[in-house]
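The values are calculated or read from the model by the stated rules, or taken from the named source; none is laboratory data. These numbers were taken from a predicted model, which means no experiment stands behind them. Positions of Cβ are generated from backbone atoms using ideal geometry, with glycine treated the same way; all protein chains shown enter the neighbour counts. Note: accessible area is taken over every heavy atom of the protein model, side chains too, but ligands, DNA and RNA are not part of it. Shrake-Rupley method; radii C 1.70, N 1.55, O 1.52, S 1.80 Å.
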Amino acid sequence: MTETVNTTDLKALLRQTGVPEVLERLERDLVGLIPVKTRIHEIAAYLVVDKLRRELGLEAARPVLHMAFTGNPGTGKTTVALRMATILNRLGYIRRDHLVVASRDDLVGQYIGHTAPKTKEILKRAMGGVLFIDEAYSLYRAENERDYGQETIEILLQVMENQREDLVVILAGYEDKMEQFFALNPGMRSRIAHHIRFPDYTEEELVAIGKLMIAEQNYYLDESAERAFLEYVRCRRMLPNFANARSIRNAIDRFKLRQAKRLFEQAGQVTADDLRRIEESDIRASRVFQECQELEKGGEHAP
């Protein structure tokens with residue numbers, strides 16, 4: 001007598017869910033971040049296999065899916081959270097392809113009795129999907145005994161444990177501050193299954209990101225502007241408050257403003273190419289170059 005062997009079709013499941021397309025889009029949309037992409041691929045593969053196991057009756061406890069994304073601003077954390085929400089939804093781990101982004105101001109009240117309703121309202125909006133809490137470390141302020149952030153943390157802990165089949169929470173923030181947050185809140189650390197570190201972009205990656213942003217908006221850099229942009233990126237990375245791709249996006253907006261001002265002041269005939277072309281002067285007018293020179297001069301005079 002031949003023993004019946006239960007099988008399932010992995011390729012069919014991948015076609016049905018479209019998870020490979022989501023991963024390809026992540027690869028296409030984000031420059032660099034190889035360690036992050038590798039972890040997301042691993043998590044996706046694990047969830048696909050877990051789904052197959054369930055289909056074959058290999059029951060197991062639902063995997064814990066809460067995550068922590070750590071790194072500096074502008075490193076793609078929100079974008080990756082959006083893609084993760086899509087993957088989780090397509091594989092049936094959340095009901096909705098839905099991401100709610102919240103910060104301390106959205107969750108913590110300013111007086112007694114205000115915090116719980118605010119926190120529960122955000123949780124209600126996120127239920128069935130993913131709640132992404134940016135700068136999550138700011139929920140806990142040990143130096144202020146009257147701070148109400150601890151109430152939010154207690155509500156989150158309860159929901160993350162008791163309603164984890166209907167909500168995935170992603171905590172995000174600077175790596176060192178998140179480490180302090182977890183050290184002071186071990187209950188929160190124990191509920192996080194996946195810790196993913198987002199590295200800063202390299203100079204080459206930032207230039208590539210900038211060119212992609214410019215092209216997506218139907219602009220381009222002429223040859224001299226490309227050289228100026230490379231120098232701009234080098235300088236901007238040296239200055240305070242640098243926020244990776246976010247700083248590059250803001251810089252491009254200012255390049256476009258200067259281009260528009262230049263064309264406006266010329267007030268002559270313009271072609272479509274004129275409207276698309278960003279020139280060296282549109283970039284060189286940035287005060288970043290002057291600040292960079294001052295920084296370098298200061299370094300020369302340092303003891």
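Heavy atoms only, probe 1.4 Å: what % of the accessible area of the chain goes to carbon and sulfur, would you let me know?
49 percent
GluC sites (Glu not before Pro), restricted to the range 40-143: which are DSSP loop and have at most 13 other Cβ atoms within 10 Å?
Hits after loop and neighbour filter: 59, 143.
Just to confirm, what accessible area per residue do you get for the chain at 1.4 Å probe, in whole Å²?
56 Å²
Looking only at 85, 45, 61, which one moves most when the chain is put into a Gaussian network model with springs between Cα atoms under 10 Å?
Comparing 85, 45, 61 in the GNM, the peak value goes to 61.
How large is Rg over Rh for the range 158-232, taking Rg from the Cα atoms and Rh as the Kirkwood inverse mean of 1/r across Cα pairs?
1.24
Could you work out the local net charge near residue 72, counting Lys and Arg as +1, Asp and Glu as -1, over the other residues with Cβ closer than 13 Å to its Cβ?
0
Would you mind checking the pairs 77/261; 37/124; 124/256; 11/177; 118/177; 37/211 and listing those with alpha carbons more than 32 angstrom apart?
77/261; 124/256; 11/177
Hey, what number do you get for the chain at 222 nm if only DSSP H runs of n ≥ 4 count, each worth -39500 (n - 2.57), divided across all residues, to the nearest 500?
-18000 deg cm²/dmol
For residue 238, what charge total do you get from the other residues with a beta carbon under 10 Å from its beta carbon, if Lys and Arg give +1 and Asp and Glu give -1?
Every neighbour counted, the sum reads +1.
Identify which of the listed values of Cα Rg over 2.2 N^0.38 Å was calculated from the structure shown: (1) 1.24; (2) 1.00; (3) 1.29.
Of the labelled values, this structure produces (1).
Can you give the FRET efficiency to the nearest 0.05 for residue 112 and residue 50, using r as the Cβ-Cβ distance and R₀ = 45 Å?
That pair, residue 112 with residue 50, gives E of 0.55.
Given a Förster radius of 22 Å and the C-beta distance between residue 223 and residue 270 as r, what FRET efficiency does 1/(1 + (r/R0)^6) yield to the nearest 0.05?
0.65
Once R0 is set to 25 Å, what does the formula 1/(1 + (r/R0)^6) return for the Cβ-Cβ distance between residue 28 and residue 253, expressed as a FRET efficiency to the nearest 0.05?
With R0 = 25 Å, the Cβ-Cβ based efficiency is 0.60.
Taking the Cβ of residue 20 as the centre, find all other residues whose Cβ is under 13 Å away and add up their charges (Lys, Arg: +1; Asp, Glu: -1).
Residues near residue 20 contribute +3 overall.
In nanometres, what is the gap between the two model label sites at residue 79 and residue 261, each 7 Å from Cα along Cα-to-Cβ?
2.8 nm
First obtain the Kirkwood hydrodynamic radius of the range 203-297 from its Cα pairs, then insert it into the Stokes-Einstein equation at 4 °C and 1.567 mPa s, and state the resulting D in µm² per second as a whole number.
Answer, rounded: 95 µm²/s.
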